[in-house]
Amino acid sequence: MNEDEGLTASEVAELLGVKQQTVYAYVSRGILHRRVALDGRTSRFDRADVEQLRLGRRRDQAGELRTILTTRLTRVADDGLWVRGRDLIELVRSGAGLPNVADLLWDSPDDEAWPAIEALGNTPLLLQTSLQDESAVLLDTLRAIVANVSAADPLRHDLSKRSVRAAGRRTVLAMSTELPIRHRLEIGDEIDRAAPPKIDAFLWRRLSDRSATAPQHRALDMALALLADHGLAGSTFAARIAASVRADPYSVISAGLGVLGGPLHGAASAAVHKLYVDIEQRADVAAAVGACQRDNGAVPGFGHLVYREQDPRYGALMSQVVEAWVDDPRLQHVYRVRDLVSERSAAIPNVDLALGALTYLGGMPPHAGEVIFAIARTTGWLAHAMEEYEEQPLRFRPVARYLGPSPSADG
């Protein structure tokens, strides 16, 4: 959007059904962000921001915290998912992988290349030993890998963009290559320094005990790229808070990982995966969906807090999953869940439905989707961190209103 484009204050007021004074009150409270047009006087507003406010207007919930942050990174709306003004869905469909999307998010210059795997150095024996225990939770292993890379980086407190990008590349590659190998393929770990790393190839052999076809590798590649960033999700907000207190990049990633593991965030696809397994075992889709709904309160993989009409990531990823496993009879379980829930509910399918299908059909453990999510979203967390490092530090300080018992006079 050019600076002289967008909605005027009167147009915003008409859309929201409020007075112009109220629009400017929203600006002063941080609910809406305005920009000054080229004439130096007129206020302009992003239509997507206004629409999001219009659709999301509701009574404040008791104890609810609502805030709006301005960002130049990712725009999330029903009409698409945009990264720095580029249509992410089209980029991914045209062949972009996670390194490409990461460099777009990070605004990387052309002279910065992803390092070869051998440049990461050797993993300490203690971590190597712990990774042999396949009963360990995968997300806990990622946390250990991040801590390990952090400890090996004496420049981790350098918050310059170039240094943060270098830390990000090393961390993403370490997370993709230091999980225990489940399937040995004829794929070398060394890559051309000038070429994007084959993160999907590294990760597949660590998440699945099966070999993969090119379309199946592409499905994993697309999932990583599509999940790189999604606005101010809970884990990203945590990452920005960490960056606001000037935490180093590895601490920012750790903050994001701490929030990501919830069943309503990065772990949501695990419940979808388990639902497909249950259907396969029961041979009764309705009974399996009913049990899943009873246990989870809702059918995972449907509905979204932001999207009302479509989750564009779902369509892009699911189409590749269908292409990759078109001859697999288990694909019918995925179709049946989608059709049954759509018949009984208006909730839209979301990306977790497709991600759970990928991990299920790919022979991965249920929580593999959480690993894919975490590695992908690491790139987004660092993009937000770099943006937050340019803001005033310590700007997140909500005020708590005490509602407990009055202090006792006698102590």
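Where Lys and Arg each count +1 and Asp and Glu each count -1, what net charge lies around E11 among other residues with Cβ under 11 Å from its Cβ? Please report the intermediate quantities before stating the final value.
Details: positive: R44, R47; negative: E14.
Here the count lands on +1.
In this structure the amide hydrogen of L81, modeled in the peptide plane, comes within under 5 Å of the amide hydrogens of L88, I89, none closer than 5 places in sequence on its chain. In this structure, the amide hydrogen of A267, modeled 1.01 Å from its nitrogen in the peptide plane, lies closer than 5 angstrom to those of G262, counting only residues at least 5 positions away or on a different chain.
Let's test the formula: R0 of 41 Å, r as the Cβ-Cβ distance of L155 and R93. What FRET efficiency results, to the nearest 0.05? Once the sixth-power term is evaluated, E becomes 0.65. Among A316, S342, G290, which residue has its Cα furthest toward the positive end of the charge dipole of region 268-361, with +1 on Lys/Arg Cβ and -1 on Asp/Glu Cβ? About the Cα centre, the residue reaching furthest to the positive side is G290.
Nearest 20 debye, what's the magnitude of the dipole of region 268-361 about its Cα centre given +1 on Lys and Arg Cβ and -1 on Asp and Glu Cβ?
Details: 9 positive and 12 negative charges, 46 e Å.
Around 220 debye, computed over region 268-361.
Among L358, L138, a tally of other beta-carbon atoms within 10 Å of each Cβ gives an order, fewest to most, of L138, L358.
A simple charge model with +1 on the Cβ of Lys and Arg, -1 on the Cβ of Asp and Glu and nothing else charged puts the dipole of region 202-259 at about 100 debye relative to its Cα centre. Each Lys or Arg adds one and each Asp or Glu subtracts one; over the other residues with Cβ under 12 Å from the Cβ of A376, this totals -2.
Put in line by how crowded their Cβ is, counting other Cβ atoms within 10 Å and starting with the fewest, I31, I372 read I31, I372.
The 3J(HN,Hα) values that the Karplus relation (6.51, -1.76, 1.60; θ = phi - 60°) gives for region 338-348 are, in residue order, 4, 5, 5, 5, 5, 5, 9, 8, 8, 5, 7 Hz. Gly and Pro appear as x. In terms of its alpha-carbon gyration tensor, region 153-307 comes out oblate; a/c meets the 1.5 threshold, while b/c is at least as large as a/b. Please label the shape of region 268-361 as rounded, prolate or oblate, based on the square roots a ≥ b ≥ c of the eigenvalues of the alpha-carbon gyration tensor (a/c under 1.5 means rounded; beyond that, a/b larger than b/c means prolate, else oblate). It comes out oblate by the Cα gyration axes. Remark: region 274-289, residue by residue, has Karplus-estimated 3J(HN,Hα) of 5, 5, 4, 5, 5, 5, 4, 6, 7, 6, 9, 5, 5, 5, 5, 5 Hz, where x stands for each Gly or Pro and the curve is 6.51 cos²θ - 1.76 cosθ + 1.60 at θ = phi - 60°. Across region 138-145, computed HN-Hα scalar couplings (Karplus, 6.51 cos²θ - 1.76 cosθ + 1.60, θ = phi - 60°) run 4, 5, 5, 5, 4, 4, 5, 5 Hz from first to last residue, x flagging Gly and Pro. Charge tally for D153 (other residues, Cβ to Cβ under 11 Å; Lys, Arg +1; Asp, Glu -1): 0.
Less than 5 angstrom separates the built amide H of V245 from those of L394, all sequence-distant by 5 or more or on a different chain. For trypsin sites (Lys or Arg not before Pro), the sites in region 314-411 that DSSP calls loop and that have at most 11 other Cβ atoms within 10 Å are R401.
Read-outs: derived from the displayed coordinates by stated rules, not from any lab. Here the structure is a predicted model, which means the values were calculated and not measured. With ideal geometry, Cβ positions are generated from the backbone for all residues, glycine too; neighbour counts draw on all protein chains shown.
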